[in-house]
Structure formats: structure tokens, C-alpha cells
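The values are calculated or read from the model by the stated rules, or taken from the named source; none is laboratory data. What you are looking at is a predicted structure, and each value in this text was computed from that prediction instead of being measured. FYI the Cβ positions are ideal-geometry reconstructions off the backbone, even for glycines, and counts take in every protein chain you see. To get the accessible areas, we keep the full protein, side chains included, count just its heavy atoms, and leave off ligands, DNA and RNA. Shrake-Rupley method; radii C 1.70, N 1.55, O 1.52, S 1.80 Å.
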Amino acid sequence: QVPVAESGRGLVQTGGSLKLSCAASGQVLSTMAWFRQAPGKEREFVSAITWRGSTHYADSVKDRFTISRDNDKNAIYLQMNNLKPEDTAIYYCATTHFSYLAINSQDYYSWGQGAQVTVSS
């Protein structure tokens, strides 16, 4: 397992933007992803990116969030625009053994501590 750590937590107003970063402590040749968990809700998929750069998004964030990856830095990023109060959650970075765009949290084995994102109305 390759440990990962998120950064970039913050408080923004509705319509604002925020960028999260996730750094892995070693090389990751497989898919990495972002999940989030809101208070009282289950963890849900947000976005995933393969080593080659193919991406997939949850419908709720499509056209507002952009995932990117820098393989030289062993890092992925999540640019979040037009944020809404319902985006408020703890955002987690995770890695999987698979090379395809896995969307189930059970497929991911290494999780960060999470980054709190709060969107005020």
C-alpha cells in the first residue's frame, strides 16, 4: 500500500472554487480517485483518474469538478468550481490496484485522512 495525504481543505461561499491535492508517498501506476462523505451519509464516489489520464465523474459534480494527475509528482488534484452547499463533506483521496476507472469504495485500499470542504449558503 502507498500512503496518500490530502491537502487544500477550506471554507468557501456558494459559487466559489477550491482545489484539493493528494500526494502519494510512492509511485502509483494504477487508478486514483476522490470520494466524499457528508455528515450522516455514506461515502460516495466523486471522480477517478487512471494512470494514463482517463477520467470519470459522478453526475452530481460533472461539469463543475475537474480531476487531474501529475505522475512525476505522484499526485492527483480536484479543482472544484461553482461549489454548492450540498458539496460540503470530507473529501478523501484513495488508490486502487486496478487500472480501470473503479467507482466502488471497496475497490480502493489506501485512503487519506480526509480534507474538510465546507460551502456556505
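Structure values in brief
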| item | result |
| --- | --- |
| Region 58-102, residues that are small (Gly, Ala, Ser) and surrounded by 20 or more Cβ atoms within 10 Å (Cβ to Cβ) | Ala89, Ala94, Ala102 |
| Only listed residue being among the hydroxyl-bearing types (Ser, Thr, Tyr), touching a Ser or Thr at 6+ places or on another chain (Cβ under 7 Å) and at pLDDT 95 or above, chosen from Thr88, Thr66 | Thr88 |
| So Ala33, is it in contact with a Gly (Cβ under 8 Å, 6 or more places away or on another chain), closer than 18 Å to Leu20 by Cα and open to solvent by less than 20 Å² (accessible area, probe 1.4 Å) | no |
| Which listed residue, of Asn104, Asn81, is at negative phi and in contact with a Ser or Thr (Cβ under 8 Å, 6 or more places away or on another chain) | Asn81 |
| Qualifying residue in region 7-22 (condition: farther than 24 Å from Ser120 by Cβ, open to solvent by 60 Å² or more (accessible area, probe 1.4 Å) and in contact with a strand residue (DSSP E or B) (Cβ under 6 Å, 6 or more places away or on another chain)) | no |
| Odd one out for Ser30 among (1) of a type outside the set (A, V, I, L, M, F, W, C); (2) over 17 Å from Gly112 (Cα atoms); (3) touching a residue at least 24 places away in the same chain (Cβ under 8 Å) | (2) |
| Residues being of a type in the set (S, T, N, Q) and either under 10 Å from the mean Cα position of the chain (by Cα) or open to solvent by 40 Å² or more (accessible area, probe 1.4 Å) (or both) - total across region 48-57 | 2 |
| Those residues of region 36-47 which are more than 17 Å from Thr66 (Cβ to Cβ) and open to solvent by less than 20 Å² (accessible area, probe 1.4 Å), in sequence order | none |
| Considering residues of region 1-49 that are of a type in the set (Ser, Thr, Tyr) and over 15 Å from Tyr109 (Cα atoms) only, the residue modelled with the lowest pLDDT | Ser7 |
| Selected residue (criterion: nearest to Trp34 (Cα to Cα)) from residues of region 65-108 that are small (Gly, Ala, Ser) and within 15 Å of the chain's Cα centre (by Cα) | Ala94 |
| Number of positions in region 109-121 that are under 14 Å from the mean Cα position of the chain (by Cα), open to solvent by less than 50 Å² (accessible area, probe 1.4 Å) and modelled with pLDDT of 95 or more | 3 |
